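The values are calculated or read from the model by the stated rules, or taken from the named source; none is laboratory data. Quick caveat, the model's predicted, so the values are computed rather than measured. Here the Cβ positions follow ideal geometry from the backbone for every residue, glycine too, while neighbour counts run over all protein chains shown. Please note that ligands, DNA and RNA were not included when accessible areas were found on the heavy atoms of the full protein model with its side chains. Shrake-Rupley method; radii C 1.70, N 1.55, O 1.52, S 1.80 Å.
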Amino acid sequence: MNNVTTATVSLGAVTIGLSIMAWHLTKWWRGGSKSGPGPGGPGGGGRDPKALLPLLSSMSLGMISVTAAGGLIGTAASFILSTGSLVGNWSLTAVTGTVTPEVTRSGLKALSPGGCALLVIYFVILVALWKSGAKLLKGKIAAGVIAGVMLGLSAGFSGMASVALVTITNTVGDKITGAVM
């Protein structure tokens with residue numbers, strides 16, 4: 001059984017992931033300016049960090065999901081990643097004329113059995129939130145998962161965040177399930 005994903009990420013996929021994140025952060029930032037002056041000066045009163053929780057939690061799910069070696073979650077994440085790489089590579093080449101190298105980090109970290117169990121539980125929680133949420137919440141969750149998948153294997157800062165998330169997922173999952181190896 002393969003314990004580590006064989007997926008790779010291109011600069012095009014990372015660009016899509018960062019673009020999704022930039023879109024939602026910009027909307028959050030601009031939306032805050034309507035609430036008037038806040039404690040930090042004019043225009044910052046409505047920028048509640050809690051409004052970013054659906055996006056950031058679903059990005060975390062995407063980052064962890066792309067490290068799954070297989071199964072339904074890993075296969076779906078690999079499909080999203082390969083589609084994102086294809087679209088991102090095409091868009092970078094068409095818009096800027098640049099090449100799109102692979103930017104996959106070396107030394108991919110795998111999910112442990114307990115980490116995989118926690119991934120399934122996390123997935124179920126976000127699906128329940130998605131099913132019970134409003135259209136805006138559903139959009140943030142879907143966009144966050146896609147962005148997380150695109151950024152989870154990168155060699156940049158987001159890839160380092162993914163390594164930390166996988167380590168935490170494995171540690172907590174192993175402790176909860178008792179599957180310490």
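Enter the accessible area per residue of the chain (Å², integer; probe 1.4 Å; all protein chains in place).
Numbers: 9920 Å² over 181 residues.
Per residue, the chain has an accessible area of 55 Å².
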Checklist outcome for this item: Candidates Thr15, Thr167, Thr96; GNM for the chain (alpha-carbon contacts under 10 Å) flags as most fluctuating Thr96
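If you take the square roots of the eigenvalues of the alpha-carbon gyration tensor of region 70-124 and sort them as a ≥ b ≥ c, do you get rounded (a/c under 1.5), prolate (a/b over b/c) or oblate? If you can, show how the numbers build up before the last one.
On the way: a/c = 4.05, a/b = 2.20, b/c = 1.84.
Since a/c reaches 1.5 and a/b is larger than b/c, the shape of region 70-124 is classed as prolate.
What is the Rg over Rh value, at two decimals, for region 85-181, using alpha-carbon atoms and the Kirkwood definition of Rh?
Ratio value, two decimals: 1.07.
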Checklist entry - Taking 0.36 nm per intervening residue step and subtracting the Cα-Cα distance, what contour gain separates Ala164 from Thr98 on full extension? => result 20.6 nm
Next on the checklist: I want the local charge near Ser162. Using Cβ-Cβ distances under 9 Å, sum +1 for each Lys or Arg and -1 for each Asp or Glu among the other residues.
Outcome noted: +2
Item to check | Carbon/sulfur fraction of accessible area - the chain, other protein chains in place, 1.4 Å, % | outcome: 72 percent
